[in-house]
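A short worksheet on the structure shown next.
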Amino acid sequence: MNYDLIIVGGGAAGFFTAINVAENNPKLKIAILERGKDVLSKVRVSGGGRCNVTHAEFIPNELSKNYPRGEKELKGPFNTFMTGDTMAWFDERGVSLKIENDGRIFPVSDSSQTIIDCFLSEARKFGVEILTNHSVKNFCFENENWSVKSNHGDFITEKLMIATGSNPKIWKLLQELNHETIDPVPSLFTFNIKDSRIKDLPGVVTEARVKVKNSKLSSQGPLLITHWGMSGPAVLKLSAWGAIELNSNQYTFEIIVNWLNNLTLHEVIEEFKFFKANNPRQQVFKNTQFGIPKRLWQSLVLTSEIDRSTRWADISKVQLHKLAEELTNGKFKVQGKSTFKEEFVTAGGIDLKEINFKTFESKKHKNLYFAGEVLNIDAITGGFNFQNAWTGAFIAAQAITS
Ligand SMILES: Cc1cc2nc3c(=O)[nH]c(=O)nc-3n(C[C@H](O)[C@H](O)[C@H](O)COP(=O)(O)OP(=O)(O)OC[C@H]3O[C@@H](n4cnc5c(N)ncnc54)[C@H](O)[C@@H]3O)c2cc1C
C-alpha cells in the first residue's frame, strides 16, 4: 500500500501531525499506524483524566526553561508555535480551554475525552486512515521511498513521521539507521523517605527550598508530604533536572530541606530572640511561627527535644539552635523513588544534535521526521510535555507540506 505520509504512533504527536498535514494539503494520502488496539491512550489518562494540554507561559524563552532536556533546541520552535497557538488551535476546532490558578491549561469540560473526540473527528474529516493493532517492526529507505513493515502488512510511503513516544524498540531501529540515542531514565518521580519527622504528616503542603547534598541540584516551590515521603512541585522539579544524576546514584541520596525557603539559620536565631522577648509565657509547641503548617512546626519542635510544655522564656540555647537547624537545614535520606501518577515521563531518546529544529526532520535521512517524546526532550509537570508534542508536530507538518 502506498502513502504520501505514514505516521508511526497514534498518540498526541502522531495525531497533531496528521491533522495539520491533512489541513494543509487534503489531497495527501495519510495513515497512522498504531500498535495498540486504541489510539491516544496516554492522552486519555493524562492530567488525571482531565488532560493538561499546555501551560499559560507565553514567552518562548521562559517557556523553554521548563525543559531540562530540550531547553536550547526548543527556543526557535517555540517562536513558531507555542502555548498561545495551541490554545487558538483548539479554540478554532470548538474545544474551549481554561487556565487554572497555577497556570495549567485544561479543557473546560475537565475531560480528556474532549481532546480525543476533537482529534478523531478532525482526522476522520480529512480521511486520515487510522490503523490500530499495527505494530511497526522495521523501516528502511529504498528506491526513494520509505518501506515500513508491520505485523499486519507492509507499506510504502514518501515521507515517514516517527511519533512512537518512549518505545525503546524504535530507538533500537533508529540506531540501526545510524541515529544516536540517549538511554532512557525516568523523569518526574517522587522521593521515598522514611523519617519520624514526617511520618504522621501526609497531606501537609508548604513552600520550601530543597537541595540535593553534594550536588548543584536545588529547587523551590510547594512541597507535599506523602505517605511514602515527599512530592509536590519542589520535588518533581528536582527529579526532572536530576533525572540522570539521581539515576546514577540509584535514587539513594540526601536532601536538605529549608522549610523557611530563603531564611538562614542566623536569621531564624535572631527571630527566636524576638519571640523569647515578646512571648515569654507562650508554649513553643503551640506557638507556630513563620507561617509554616502547625503540624510540621510541632513535629520539628519535638524533634528538637523541646517538650510540649516548654515556654519561650525557658528554652535553652542548644534547643533554639537545634530548632533553627531543623527549620532551615533539615537533612533527609532518600531511599528510592515512586511514580508520580498524574504524569510520568521518560528522559532519553534521539540525540537532539541529529534533528533540524526548523523542520523536525532527521539530519541523517531525507523525509524522516520526529515529534514528541521519541526525541530526547522532556519537561516538568504542568502541560509542558504535551506542548513539546504539539510544537514538534506542527512544525513537521509545515515542513512535510511545504
Ligand atoms: C499518566 C500520564 C499522565 C500524563 N499527563 C500529562 C499531562 O496532563 N500533560 C502533559 O503535558 N503531559 C502529560 N504526560 C506526558 C505526555 O502524555 C507525553 O509527553 C505525550 O503523550 C507524548 O506524546 P507522544 O505522541 O510523543 O507519545 P505517546 O503519547 O506515548 O504516543 C506514542 C504512540 O506510539 C505508539 N507506538 C509505539 N511504538 C509503536 C510501534 N512500534 N508501532 C506502532 N505504534 C507504536 C504507542 O502505542 C503510542 O500510542 C502524561 C504521561 C503519563 C504517563
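Structural remarks
- Comparing Val185, Gly165, Asn138 along the charge dipole axis of region 81-215, the residue lying farthest to the positive side is Val185, per the Cβ-charge model.
- The chain, accessible area per residue, ligands and nucleic acids excluded (1.4 Å, Å²): 45
- Local electrostatic count, Ile244, Cβ distance below 10 Å [Lys/Arg +1, Asp/Glu -1]: -1
- Taking the charge dipole of region 330-369 about its Cα centre, with +1 at Lys and Arg Cβ atoms and -1 at Asp and Glu Cβ atoms, the residue from Leu352, Tyr369, Gly330 reaching farthest to the positive side is Gly330.
- Along region 195-212 the Karplus relation, 6.51 cos²θ - 1.76 cosθ + 1.60 evaluated at θ = phi - 60°, assigns HN-Hα couplings of 7, 4, 5, 10, 3, 9, 10, x, x, 6, 10, 8, 6, 8, 10, 10, 10, 8 Hz to successive residues, with x for each Gly and Pro.
- Gap separating the Cα centres of region 261-328 and region 179-231, nearest whole Å: 25
- Within the listed set Gln289, Gln113, Gln387, the Gaussian network model of the chain (springs between alpha-carbon atoms below 10 Å) gives the highest mean-square fluctuation for Gln289.
- Legend: residue pairs Lys211/Lys337; Lys65/Lys337; Lys42/Lys363; Lys213/Lys237; Lys211/Lys331, Cα-Cα distance threshold 18 Å; pairs beyond threshold, Lys65/Lys337; Lys42/Lys363.
- Close amide H contacts of Asn52 (hydrogens built in the peptide plane, cut-off under 5 Å, sequence separation of 5 or more or a different chain): Gly47.
- Packing-based order for 341-351, 89-99, using average beta carbon neighbours within 10 Å, highest first: 341-351, 89-99
- Placing R0 at 41 angstrom, the Cβ-Cβ distance between Glu305 and Ser248 gives a FRET efficiency of 0.65 after rounding to 0.05.
- Segment Glu92..Ser135, full-extension length gain: 12.2 nm, with 0.36 nm per residue of separation and the alpha-carbon distance subtracted.
- Helix-only mean residue ellipticity at 222 nm for the chain, each DSSP H run of n ≥ 4 adding -39500 (n - 2.57), per residue, nearest 500: -10500 deg cm²/dmol
- When you count the other C-beta atoms within 10 angstrom of each residue and take the mean per peptide, 260-272, 39-51, 355-367 line up highest first as 39-51, 355-367, 260-272.
- Note on Lys149: lysines with a C-alpha under 19 Å away, same-chain residues under 8 apart excluded, are Lys29, Lys37, Lys137, Lys159, Lys169, Lys172, Lys366.
- Estimated FRET transfer efficiency (Lys72, Thr359; beta-carbon r; R0 25 Å; 0.05): 0.90
- The label point for Ile182 and the one for Thr80, both projected 7 Å from the Cα toward the Cβ, are 2.1 nm apart.
- Whole-Hz couplings from phi, Karplus 6.51/-1.76/1.60, listed for region 178-192; x for Gly and Pro: 6, 8, 7, 10, 9, 4, x, 9, x, 10, 6, 9, 9, 9, 8
- Compared with the dominant Cα axis of the chain, that is its longest principal axis, helix 294-303 is turned about 60°.
- Comparing Val45, Gly14, Gly94 along the charge dipole axis of region 1-94, the residue lying farthest to the positive side is Val45, per the Cβ-charge model.
- Carbon and sulfur %, accessible surface of region 85-147 computed with the full protein complex present, 1.4 Å: 43
- For region 240-298, with all protein chains in place and a probe radius of 1.4 Å, 50% of the accessible heavy-atom surface sits on carbon or sulfur.
- Across region 118-130, coupling constants 3J(HN,Hα) worked out from phi with the 6.51/-1.76/1.60 Karplus curve, θ = phi - 60°, read 4, 4, 5, 6, 5, 5, 5, 3, 9, x, 5, 7, 10 Hz, and Gly and Pro carry x.
The values are calculated or read from the model by the stated rules, or taken from the named source; none is laboratory data. Just so it is clear, the model here is predicted, and its values are computed rather than measured. Neighbour counts run over all protein chains shown; Cβ positions are idealised from the backbone, glycine included. With ligands, DNA and RNA removed, areas are computed over all heavy atoms of the protein, side chains included. Shrake-Rupley method; radii C 1.70, N 1.55, O 1.52, S 1.80 Å.
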